[in-house]
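Trainee: If you scroll down you'll find the structure; I have some questions about it.
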Amino acid sequence: MSGSDSGIAVTGVSKTFRSWDTADTWSIRRPLRRRQARRAVALADVDLQIERGEFVGLLGQNGAGKSTLIKIMTGLLLPEAGSVRVCGLDPYADRERNARNMGVTFGQRTQMWWDLPARDSFGILRDIYGLPRTVWRATLAELDDVLTLSAFWNTPVRFLSLGQRVRCDLAAALLHRPPVIFLDEPTIGLDVLVKDQVRELLTRYAAGGDHAVVLTTHDMAEVEALCRRIVVIDRGRVVHDGPRETLADVAAAEHTFLVEFETPPPALSLVTADIVSSEGPTVRVRPLPGADRAEVTAELLAAHPVRSVVYEGARAEDILRTLYGHRHEESRSEAVGGGR
């Protein structure tokens, strides 16, 4: 694994947290029994390399270790084993210098000054990062062009709506043009229009190729729209790291076709595919093992007058559900085998 000075290098990182036995600890026979402490594994020997110019989706179930990894990469937590470098710096030991290389958003946790207008917060950040006024104005105008900040940036932050505050937080994270950007659930709780604004801005950053961007989200539409590379964490381990297109093959997820016929087909029966769902003239089918895309399409066109056929592939949500299911089945098999 190369130690890039412009991106992120995570090598052999592990982290555990102490937790307590939640079982009832008091009884008449043993009234002074102490609670038993144990170590819960959050990350186990994680390796990850993200170069400048990559837009990476970091996915996993709740409790899989995503947020712990983000906090270690941003310097908020110290790993118990392994090393982390962000733009060549140790993010924990060199927190002050490293802060200039990073832009970070954490869901609904604001980094703005609560009693000040948002624009004043942007001015304070300009001075903290030592930005020339011409650069600051140009960047702020660029952000305002997409996020329409000027409509409310003279309002104290405490009076802003959630959507307005999230847009301001995103602008604050990007104001100093950091080479590394961490986005932890950046659109959680937002309405559709605000999500579209945020995605438009992130699409620009993804296309620019000047930043290493790490996105954690449960919104699969964001992942499919923005991320070319997907890293999946399950139970503290990286179970997939590769192009978005290969995730379906790794998970052995099922591909589907969405067919719209001219009229509802009477008693549709197919040789190359199973019918997943049917609603009026719209039918979703799943190819049978061994049937390729051309064969399924040809049979659909011959079965009934067709208005459109859309190859959906495997949806991201279904892929992750399948991948987690396979992982949990493997864990159960190992546990049963170990018990023998």
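Trainee: Beta carbons within 10 angstrom, averaged per residue: use that to sort the peptides 257-264, 300-307, 180-187, highest first. Display every interim value, and only then the final one.
Mentor: Numbers: 257-264: 15.9, 300-307: 13.8, 180-187: 23.5.
Top to bottom by mean Cβ count within 10 Å: 180-187, 257-264, 300-307.
Trainee: Each label point is 7 Å from the Cα along the Cα-to-Cβ direction; what then is the distance between the points at R228 and A294, in nm?
Mentor: 2.9
Trainee: Students often check this: by mean Cβ neighbours within 10 Å, which of 166-179, 215-228, 141-154 ranks highest, and how do the rest follow?
Mentor: Result, highest mean first: 166-179, 215-228, 141-154.
Trainee: Please report, for the Cα atoms of the stretch 254-313, the Rg to one decimal and the Dmax as a whole number; what are they, in angstrom?
Mentor: Using the Cα atoms of the stretch 254-313, the pair Rg, Dmax is 10.1, 29 Å.
Trainee: Between D191 and A93, what length comes free when the chain is fully extended (0.36 nm per residue of separation minus the Cα-Cα distance, one decimal in nm)? Don't skip to the answer; put the middle values down first.
Mentor: Details: separation 98, 0.36 × 98 = 35.28 nm, distance 3.85 nm.
Between D191 and A93, full extension yields 31.4 nm more.
Trainee: Moving on to the next point. Evaluate the relative contact order of the stretch 254-313 (contact order divided by residue number), counting alpha-carbon pairs under 8 angstrom at least 6 apart; express in whole percent.
Mentor: Working: 101 pairs, mean separation 29.4, N = 60.
The value is 49 percent.
Trainee: Let me know the volume per residue of the alpha-carbon convex hull for the stretch 175-229, in Å³.
Mentor: Values: hull volume 4.7 nm³, N = 55.
Cα convex hull per residue, to the nearest whole number: 85 Å³.
FYI, it's all coordinate maths here, none of it is from the lab. On a predicted model such as this, the values are computed, not experimentally measured, just so you know. In this analysis, Cβ positions are derived from the backbone assuming ideal geometry, glycine residues included, and neighbour counts consider all displayed protein chains.
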